[in-house]
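A short write-up of the structure that comes next.
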Amino acid sequence: MTVDTNQRKPSWHVRLGPYTRRMNNYTCTQCGTVGLAEGFIEDAGEHSRGYARWIEGALERGFFGGAKRLGRPRRQIEAYRCPKCGHLELFAAAEV
């Protein structure tokens, strides 16, 4: 948590270079630090949507080696990074 020197009120935003990360009350499961930085897991593959998704069920390969996904629920992955130890906490959030 940082303190805005102009207003002297706690700020729930942490400035990391040119980006601002929102902080929260999530606790790191590795070191116990409270307040993880929100981010996302990028999917930069061809024809990607720009973010990774969690797909329910065990991985099954199709005829050409790709993952079978048809009809399976998909959820966007929310990622939070511990500012102290760097551990990532991932959550399967809203269906996409």
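Just so you know, all these numbers are worked out from the coordinates, no wet-lab data involved. Remember, it's a predicted structure, so these values are computed and weren't measured experimentally. Neighbour counts are summed over all protein chains in view; Cβ atoms, including those assigned to glycine, are modelled from backbone coordinates with ideal geometry.
Placing dummy labels 7 Å off each Cα toward the beta-carbon, the span from PHE40 to ALA67 is 1.7 nm. Multiplying each eigenvalue of the alpha-carbon gyration tensor of region 44-85 by 5 and taking the square root yields semi-axes of 25, 13, 11 Å, largest first, rounded to whole angstroms. Note on THR33 and GLU95: the extension gain reaches 19.4 nm, defined as 0.36 nm multiplied by sequence separation minus the Cα-Cα distance. Placing a pseudo-label 7 Å from each Cα along the Cα-to-Cβ vector at GLU60 and HIS47 gives an inter-label distance of 2.0 nm.
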